[in-house]
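The values are calculated or read from the model by the stated rules, or taken from the named source; none is laboratory data. Computed from a prediction, not measured in an experiment: that's the story for all the values here. Because the Cβ atoms are built from the backbone with ideal geometry, glycine has one as well, and the counts that use them run over all protein chains shown. Each accessible area value is taken on the protein alone, full model and side chains, heavy atoms only, with ligands, DNA and RNA left out. Shrake-Rupley method; radii C 1.70, N 1.55, O 1.52, S 1.80 Å.
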2 protein chains.
Amino acid sequence: MPKKLAILGSTGSIGTQTLDVVAANPEAFQITALAAGSNLTEVRKQIELFRPRLVSVGTQESARRLRDELPPELARSVQIEWGEAGMLAAASHPDAEMVVTAVVGSLGLSPTIAAIQAGKDIALANKETLVAAGHLVTEMAAATGSRILPVDSEHSAIFQCIHGESRQSVRRILLTASGGAFRDKTREEMRRARPSDALAHPNWSMGAKITVDSATLMNKGLEVIEAHWLFGLPYDRIDVVIHPQSIVHSLVEFEDRSVLAQLGSPDMRVPIQYALTYPERITADWPALDLVAVGSLTFREPDPDRFPILRLAYQAGRTGGSLPAAVNAANEVAVDLFLREKIGFLEIEQILLQIADQHDVISQPSLAEILQCDAWARKTALQIAEKISKY
Amino acid sequence: MPKKLAILGSTGSIGTQTLDVVAANPEAFQITALAAGSNLTEVRKQIELFRPRLVSVGTQESARRLRDELPPELARSVQIEWGEAGMLAAASHPDAEMVVTAVVGSLGLSPTIAAIQAGKDIALANKETLVAAGHLVTEMAAATGSRILPVDSEHSAIFQCIHGESRQSVRRILLTASGGAFRDKTREEMRRARPSDALAHPNWSMGAKITVDSATLMNKGLEVIEAHWLFGLPYDRIDVVIHPQSIVHSLVEFEDRSVLAQLGSPDMRVPIQYALTYPERITADWPALDLVAVGSLTFREPDPDRFPILRLAYQAGRTGGSLPAAVNAANEVAVDLFLREKIGFLEIEQILLQIADQHDVISQPSLAEILQCDAWARKTALQIAEKISKY
């Protein structure tokens, strides 16, 4: 029997790669529900190819246009919804066994929680869910029996390395970071950087927001917090190492000082497929890693002076409570402002530092409190941006 | 309850490091039996420290001297045996749960088989056992329920990577090789090499025989054959890559093209302890791997023109039957002659090539036939050496 999937964020980078994996393995997977935003051309193609039972798009207007554009026989076979309610319907569709949460940003929080409450397994590509609400999400998943399977390449690597090992035998995990577009740049070069500079990621082809997060190392900071919740490890047992080639996706050091690592070409389809097939692996025909062709794998410490956001993220994680949600929400605003050229690259970190300073931390926030802190952080980040921006 | 161990080859490199692991974990392990050769000073120390029930040494004369030198109260508590019968008694001691076979060369074959027939788990450091009699040993182990746990760092790495994975999901294994002392030498430099040159291994501190085998790449060839039997893989799914830093101990490529690797400082205590504690891991206080200090891990193809023995070993493995036993026995003779400066370094490979040419392969040899082929190969190797040697 094929595994029935719902994909939230089906037209984004992770969503389309997930559908590549599904298309290559029609006997293994079936698409029950898709949720997307405004890319109706892509959504229509996906409906034609995968015949989902339910599709949700961003707005009522998009839903109407989509219905009109579909061939009548397809329009009859698919339920078309829209907005947050539509996304929640996709996330908790009774037929879906697993929900792939590939929505970017804190927008993914509520539907992920809905899927967990409905007892679905989660293939988690939305790291903000665990960053903002790790304590709630892990508790709920334990209560409903939902398994949270990481899709991020680093967390998938850790997950693969600890498979079959006991939790107590893990001494330390080591997340690798490419170092992003500004790995070898000076602070002065970063100060002058334009969005196109930050979007020139050396190894991975990803969405714009995560590519800027790679350039600030905020992406790695979010991953540290995500790893804390996924693997139940304290922050002093989660380290980051710069590995420019992005071949070693992360490592685990065990209590006997043996180290396991997962490697591969930078191709998100590998961790996506592992989350979908876990604990099995199925044959894939994409190119194998050729270590001899790669030749050399290098490792160095991250530079805290050039990338202060990584330290800030650790501090936010250690403080916990509502602080990670606030810093994450402010980061979404700041990255968006940077991409629209409203602020400079280094002003992203200024905004986050000020948000962390100003935020009144709630120690065990409810979902409502998290959403309030998120809203406060977005509003405040905009105000800070207006004050500090040179534009 | 501590796990009760017998160690065959207790005064050698692997034997003493096994006892280091035991000494560091007295609550986890207990020594039941030890077998050694002629290093009586070391054997006496080991008896005092570990209080085995049975000890076997090389000769009757050594056994008598050992008994005389022991304090009377110790001499009463330990049964002292000698020779092959003594080694077999240690290998099949009724109290031992696991036998560490750290004897060098084809000498380890009979006691390993005795231990398997007695249903013991085997921590296998004697790769010649599987090289010479892989078909018999794996069949016997399946029949008696003995588990064969690899101690070689490469095979331990593979074993750690496939733990928890299904056999069918393994696509290919990749054994790493430091390249040995002559990794970057020309054939002309090898021709003039003295034993002291071949014994200057870049990374690992090991016994003399295996260090010379590293310099010829015969060690890697033997490991390829060992891996074939341990992991049930055809030879075209076992590859070798030169990795001069000896940090990545080996890698597994799975059907989904994900690659797992095991890494660590070059310290045999890690794979030894893993074999002893498998499937658990216990805390060790030796230094952790510092990837940033290592800085760079490099990989390249082995050079078949400079190291023809690796290809010969693959051919021997693929042909199978009694050929690997014959080539292995001839190699033991040739390495011994080289270490005693009776032949030059490149004459090792000449001897092996001629043995492979001259050997009449028996396709499913019995243990007796394997021992006959071993004896034939030793005698013939000496004859070839006499003919070709320039000394």
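Entry remark, the stretch B:326-347: residues being within 14 Å of B:I309 (Cα to Cα) and more than 19 Å from the chain's Cα centre (by Cα) number 3 in total. For the stretch B:224-250, taking the residues that are in a helix (DSSP H, G or I) and touching a strand residue (DSSP E or B) at 6+ places or on another chain (Cβ under 8 Å), the one that is most open to solvent (accessible area, probe 1.4 Å) is identified as B:R237.
Would you mind stating whether B:A275 is over 30 Å from A:V22 (Cβ atoms), away from chain A (no Cβ under 14 Å) and in contact (Cβ under 8 Å) with a residue 24 or more places away in the chain?
Working: over 30 Å from A:V22 (Cβ atoms): yes; away from chain A (no Cβ under 14 Å): no; in contact (Cβ under 8 Å) with a residue 24 or more places away in the chain: yes.
Criteria not met by B:A275.
In the stretch B:291-301, the residue that is farthest from the other protein chains (Cβ to nearest Cβ) out of those that are surrounded by fewer than 18 Cβ atoms within 10 Å (Cβ to Cβ) and not hydroxyl-bearing (S, T, Y) is B:A293.
Residue-level analysis places A:I47 outside the set of residues that are buried (at least 16 other Cβ atoms within 10 Å of the Cβ), in contact with a helix residue (DSSP H, G or I) (Cβ under 7 Å, 6 or more places away or on another chain) and under 21 Å from A:A284 (Cβ atoms). If you go through the stretch A:94-109 and pick out every residue that is farther than 20 Å from A:D336 by Cβ and open to solvent by 20 Å² or more (accessible area, probe 1.4 Å), you end up with 3. If you take the residues in the stretch A:71-86 that are modelled with pLDDT of 95 or more and not in a helix (DSSP H, G or I), which one is nearest to A:S38 (Cα to Cα)? So, considering only residues that are modelled with pLDDT of 95 or more and not in a helix (DSSP H, G or I), the one nearest to A:S38 (Cα to Cα) is A:W82.
Considering only the stretch B:196-205, I want to know if a residue exists there that is open to solvent by less than 30 Å² (accessible area, probe 1.4 Å), within 16 Å of B:E349 (Cβ to Cβ) and either assigned to a helix (DSSP H, G or I) or not assigned by TED's automatic domain parsing to the domain that holds B:A132 (or both). Yes, because at least one residue in the stretch B:196-205 is open to solvent by less than 30 Å² (accessible area, probe 1.4 Å), within 16 Å of B:E349 (Cβ to Cβ) and either assigned to a helix (DSSP H, G or I) or not assigned by TED's automatic domain parsing to the domain that holds B:A132 (or both). Residue check: A:I80 meets all listed conditions (1) surrounded by fewer than 17 Cβ atoms within 10 Å (Cβ to Cβ); (2) touching a helix residue (DSSP H, G or I) at 6+ places or on another chain (Cβ under 8 Å); (3) closer than 20 Å to A:L19 by Cα but one, namely (1).
Name the single residue, out of those in the stretch B:253-266 being under 25 Å from the mean Cα position of the chain (by Cα) and of a type outside the set (S, T, N, Q), that is farthest from the other protein chains (Cβ to nearest Cβ).
Looking only at the stretch B:253-266, we keep the residues that are under 25 Å from the mean Cα position of the chain (by Cα), and these are B:253, B:260-266.
The next check asks that each one be of a type outside the set (S, T, N, Q); those that pass are B:253, B:260-261, B:263-264, B:266.
Working: B:E253: 6, B:L260: 6, B:A261: 5, B:L263: 4, B:G264: 6, B:P266: 12 Å.
Once the filter is applied, the top-ranked residue is B:P266.
Tell me yes or no: at least one residue of the stretch B:279-288 is touching a Phe, Trp or Tyr at 6+ places or on another chain (Cβ under 7 Å), farther than 30 Å from B:A193 by Cα and assigned by TED's automatic domain parsing to the domain that holds B:G180. Within the stretch B:279-288, one or more residues are touching a Phe, Trp or Tyr at 6+ places or on another chain (Cβ under 7 Å), farther than 30 Å from B:A193 by Cα and assigned by TED's automatic domain parsing to the domain that holds B:G180.
Looking at the stretch B:315-391, what helices (runs of 4 or more DSSP H) fall wholly within it and have at least 3 residues that are buried (at least 20 other Cβ atoms within 10 Å of the Cβ) and in contact (Cβ under 8 Å) with a residue 60 or more places away in the chain? Walk me through it before giving the result.
Details: elements: B:323-339, B:345-358, B:367-388.
Ranges flagged: B:323-339, B:345-358.
The single condition from (1) in contact (Cβ under 8 Å) with a residue 40 or more places away in the chain; (2) away from every other protein chain (no Cβ under 14 Å); (3) farther than 18 Å from B:P150 by Cα that B:A200 fails is (1).
Applying the selection to the stretch B:50-70, what residues are assigned to a helix (DSSP H, G or I) and buried (at least 20 other Cβ atoms within 10 Å of the Cβ)? Before the answer, list the steps.
To start, the set of residues in the stretch B:50-70 that are assigned to a helix (DSSP H, G or I) comprises B:50, B:60-69.
The answer is B:F50, B:S62, B:L66.
Of the residues B:R281, B:R269, which is more than 7 Å from every other protein chain (Cβ to nearest Cβ) and either crowded, with 17+ Cβ neighbours inside 10 Å or of a type in the set (D, E) (or both)?
Numbers: B:R281 fails: more than 7 Å from every other protein chain (Cβ to nearest Cβ).
Residue meeting the stated conditions: B:R269.
Considered as a group, the residues in the stretch A:138-177 that are facing chain B (nearest Cβ under 10 Å) and free of Cβ contacts under 8 Å to residues at least 40 places away in the same chain include one that is nearest to A:I238 (Cα to Cα), and that residue is A:S166.
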